[in-house]
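The values are calculated or read from the model by the stated rules, or taken from the named source; none is laboratory data. Source: prediction; values computed, not measured. Cβ atoms come from the backbone with ideal geometry, glycine included; neighbour counts cover every protein chain shown.
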């Protein structure tokens with residue numbers, strides 16, 4: 001695999017943080033990607049966008065009957 005010198009430096013920095021070498025870090029990441037490929041994707045339901053229009057600020061009298 002070929003990386004730019006900047007990318008190699010970033011990988012070395014991350015590997016040092018997690019206590020391994022850069023080669024092992026890349027190998028673990030690639031293996032996780034392969035493992036995840038076999039799993040079914042998690043479908044996220046898309047929430048609807050509701051356009052409710054402008055709304056004035058609420059006052060206590062709008063919420064409670066005890067305000068005169």
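Structure above, values below:
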read-out: Where a residue in region 1-17 is on the phi < 0 side of the Ramachandran plot and its partner, wherever it lies, is modelled with pLDDT under 95 and not in a helix (DSSP H, G or I), with Cβ under 9 Å and at least six apart; value: 10/3; 11/3; 12/21; 15/21
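Yes/no matrix, rows are residues, columns are (1) surrounded by 12 or more Cβ atoms within 10 Å (Cβ to Cβ); (2) farther than 20 Å from residue 2 by Cβ; (3) in contact with a helix residue (DSSP H, G or I) (Cβ under 6 Å, 6 or more places away or on another chain):
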| position | (1), (2), (3) |
| --- | --- |
| 19 | no, yes, no |
| 28 | yes, no, no |
| 31 | no, no, no |
| 38 | no, yes, no |
| 56 | no, yes, no |
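Yes/no per residue for (1) at pLDDT 80 or above; (2) under 24 Å from the mean Cα position of the chain (by Cα):
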site: 4; (1), (2): yes, no
site: 7; (1), (2): yes, yes
site: 13; (1), (2): yes, yes
site: 40; (1), (2): no, yes
site: 51; (1), (2): no, no
site: 54; (1), (2): no, no
